[in-house]
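Have a look at the structure below, then the notes.
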Amino acid sequence: MDLLTTLGELLATPLMQRALVVAVLVGVAAPVMGTYLVQRRLALLGDGIGHVALTGVAMGWLAGSAAGLTDRDVLAVPGAVVASIAGAVLIEVVRERGKTSGDVALALLFYGGIAGGVLLIGLAGGTTANLNGYLFGSIAAVSTLDVWLTVVLAAVLLGFGLGLRPALFALCHDEEFARATGLPVRALNILLAVMAALTVSVSMRVVGVLLVSALMIVPVAVAQLLARSFRSTMTTAMVIGAVVSVTGLTITYLHPLSPGATIVVLAIGLYAVVSIVRPLFGRPAHRDPHLDVDDDVEVREGV
Amino acid sequence: MSGPDRAGVVAATTAARTEGAPPVRAEDLTVILGTSAVLRGIDLTIRDGETVALLGANGSGKSTLVKSLVGVVPVTRGRVQLYGHDVTTQTRTVPWSRVGYVPQRVTATAGVPATALEVVSSGLLDGRRFRIGRAGHARALDALEQVGLADRARDSVQVFSGGQQQRVLIARALVRRPDLLVLDEPLAGIDRESKEALARTITALHDAGTTVLVVLHELGELGPLVERCVVLRHGRVIHDGPPPRPAAGHDDPAHEHEHPHEGGTAPVHHAPDLTVEL
C-alpha cells in the first residue's frame, strides 16, 4: 500500500474529514488571536484561560450532578465558556486598574484556575483523570456538532480579528496612545479578552487546551522570524498554523500518536529549524544601518 | 416644545458653547495616583495657535498633566476640556481627531514586528474610524517624510535606533494633521540634527495655526518658538507667562551641572532650575 492510497483513504473517512476541517479552522483562526496576544506580551494568556476553563468544566459537572442530569458532560462546555470569559475579563480589569502587571495577573489566573478545577472536581465526585480529555482533546472523535461550533467560532474570530485589525493593532501596540486617539480602549480590550476566552473554551474539547493555546502562539513565534511587518506576521502565522495542523493530523493517521502533541511538536520543530536556517538566507546580515548624518561633536580625524 | 425642535435647540446651544472653545481648558485639575497627589488644583487654558512649553523638575507632574489632558490618566477632581468637551464625561464627543499626542517613550516596538508605516498609520484612527482607508497610506508616508524617515517606511521599527523610534512616534501624531499637538519630551535622546528638524517641523505647524503644548526639560532648539511657559513644581503651577530665565549659574557657559547627591547625601529640596518672577 503506497502513501497516496493511504492519503486517499484518509480523505475518504468521514471522521478524518471532520477532524481535518476542525484542524484547518483552528490552525488558521488561533494564530490571529495569538498575534495580538504576542503583540501585547501576553503570550501565556491562552494557557491561563485554559486553566480557568478547566474550573468551568468542573463547575459544569457540579451543576450537572446537582440538576440530576444523566450525562454530566452536558454542562461542561457551557461551564468552560462562562468561566473562561469571566476569567479573561477579570484579568483585563486587574490590568486596567494597574494594580498588578499583566504577567502577574496571568499567574494568579493560572494557579487559581488549576486549583479551583481540582477542588471542584473533588466536590463533584470525580478525579483529575476526567480532566484529561479537556487538556489534550480528542480530535479523533469529532462530532458534526463540534464541526459546526468550530466553523462559527472561526468565522467570529476571523471577522473581528481581521476586520478590526487596524484598531486592535493600535491597541496592542501602544494602549496609552490608543486611549489618546479616542479609540474605545476598554471595549476593544474586553472584545479581545472575550475572543481569547471563546477560542480556548470552544475548541478545548476538540483539540485540547494544550493544542489551542500552543496554536495561538507558536506559529506567531515562527512567523516573527520571517516577517518585518505586523500584517505579514499574522498572515504567515495563519498559513503555518494550518499547515502544521494538517500535517500533524495526517501523521497521527499513519502512526498511533497523540494528535495535539504531534502538532505542537511539529510547530516547535519548525521554529527551531527556521531560527537556525533563517540567518543563512535572506538579506545580507551586515548591511550598514546607519544614516549619513553629521556628528554632534567635532572630531578631528587622524589625530 | 416638540422633540425635534428641542433637540435642535440643544444642538445649537452645544455648538455655541463649543465653538471658539479653547483647545485646552483645565479647571482645578487634581490627579491622585495611589496615595500621592500628583497634580493639585491646576488651572490652565491654552488658546488657539499658542505654543506653550511645560517645564519643571523630574517628578513635578509634567507628564501626568499632559496625560490627563489627553484622557490617558483619569482626573480625580476638577475637569479637563478639549475644544469645549469634557474628556471624562463627554469622551465620545471630544474631537479626538484634532488632537495629536506624542508620549514620552524610549521605544516604538512591541511583541510582534511592525513597520514604521504600520505604526504611523495607527495614528489615523479615532473613536469613529477603526480602519485605515487608501488615502491613509499616502498620509502616513507624508508624515514619515516630515520626520525624514520616508525611505525606511517598510522597515521594522525593531531595528530603528532610539532617536528614529522617537521620530516614528512623532510622525504617528502628525499623520492626524492635528489642530492641537501635545508632545511629551520629544527632544530627549535624539541627535542635534533631528532636534533641529523637529524644531523646523513644529515651526511650520505653528505658522499654519497649530496649537502646540510641549513638555521640555530645557527650551533648547524649541526656544525661539515658545511664547509662553508653564512651570510646575510639586504638582502646582508656579509660573505661567513668558519664558523665565534660567536659574542663576545655569546660563553661565562655564557652569557645570554637579549635583550634590552623587556620592554625598541626598538633598532634601532641589533648587528649581528656573528662576520665577511672580
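The values are calculated or read from the model by the stated rules, or taken from the named source; none is laboratory data. No experiment lies behind these values; they were computed from the predicted model shown. No Cβ is skipped: glycine too gets one built from the backbone with ideal geometry, and neighbour counts run over all protein chains shown.
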Counting only residues that are more than 12 Å from the chain's Cα centre (by Cα) and closer than 22 Å to A:L149 by Cβ, region A:26-49 contains a total of 0
Quick count over region A:42-77, residues being touching a helix residue (DSSP H, G or I) at 6+ places or on another chain (Cβ under 7 Å) and in a loop (DSSP other than H, G, I, E, B), is 6
Scanning region A:205-263 residue by residue, those in contact (Cβ under 8 Å) with a residue 12 or more places away in the chain and in contact with a strand residue (DSSP E or B) (Cβ under 8 Å, 6 or more places away or on another chain) turn out to be A:F230
ask   = Is it the case that region A:259-267 has a residue that's within 14 Å of another protein chain (Cβ to nearest Cβ) and either modelled with pLDDT of 65 or more or surrounded by 12 or more Cβ atoms within 10 Å (Cβ to Cβ) (or both)?
value = no
Scan region B:73-95 and tell me whether some residue there is modelled with pLDDT of 90 or more, facing another protein chain (nearest Cβ under 8 Å) and either on the phi > 0 side of the Ramachandran plot or not in a loop (DSSP other than H, G, I, E, B) (or both).
no
Report whether or not A:L149 is more than 13 Å from every other protein chain (Cβ to nearest Cβ) and either surrounded by fewer than 22 Cβ atoms within 10 Å (Cβ to Cβ) or in a helix (DSSP H, G or I) (or both).
yes
Residue set A:V94, A:V81, A:V77, A:V57; condition within 30 Å of A:V246 (Cβ to Cβ) and at pLDDT below 85; output residue A:V77
Given the conditions (1) at the interface with another protein chain (Cβ under 9 Å from one of its Cβ atoms); (2) of a type outside the set (V, I, T); (3) closer than 22 Å to B:I202 by Cβ; (4) not in a strand (DSSP E or B), every one holds for B:R154 apart from (3)
Flagged in region B:96-135 as assigned to a helix (DSSP H, G or I) and either within 22 Å of the chain's Cα centre (by Cα) or modelled with pLDDT of 90 or more (or both), in numbering order, are B:W96, B:S97, B:R98, B:A116, B:L117, B:E118, B:V119, B:V120, B:S121, B:S122, B:G123, B:L124
Within region B:194-206, of all residues that are within 17 Å of the chain's Cα centre (by Cα) and of a type in the set (S, T, Y), the one surrounded by the fewest Cβ atoms within 10 Å (Cβ to Cβ) is B:T203
In the set B:A173, B:A138, B:A188, the lone residue that is part of a helix (DSSP H, G or I) and more than 9 Å from chain A (Cβ to nearest Cβ) is B:A138
When every residue in region A:162-197 that is outside any helix (DSSP H, G or I) and either of a type in the set (K, R) or touching a Phe, Trp or Tyr at 6+ places or on another chain (Cβ under 7 Å) (or both) is compared, the one nearest to the other protein chains (Cβ to nearest Cβ) is A:G182
Across (1) within 13 Å of chain A (Cβ to nearest Cβ); (2) modelled with pLDDT of 90 or more; (3) surrounded by fewer than 18 Cβ atoms within 10 Å (Cβ to Cβ), B:G209 clears everything bar (1)
| Quick check, is B:P260 at pLDDT below 55 and over 22 Å from B:G61 (Cβ atoms)? | yes
From the option list B:V99, B:V159, single residue qualifying as closer than 21 Å to B:I190 by Cα and not small (G, A, S) is B:V159
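To keep it simple, each residue is scored yes or no on (1) free of Cβ contacts under 8 Å to residues at least 24 places away in the same chain; (2) closer than 17 Å to A:G137 by Cα.
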{"residue": "A:Q39", "(1), (2)": "no, no"}
{"residue": "A:A43", "(1), (2)": "no, no"}
{"residue": "A:A66", "(1), (2)": "yes, no"}
{"residue": "A:V74", "(1), (2)": "yes, yes"}
{"residue": "A:G79", "(1), (2)": "yes, yes"}
{"residue": "A:V93", "(1), (2)": "yes, no"}
Note on A:V212: of the conditions (1) surrounded by fewer than 24 Cβ atoms within 10 Å (Cβ to Cβ); (2) closer than 21 Å to A:I91 by Cα, unmet is (1)
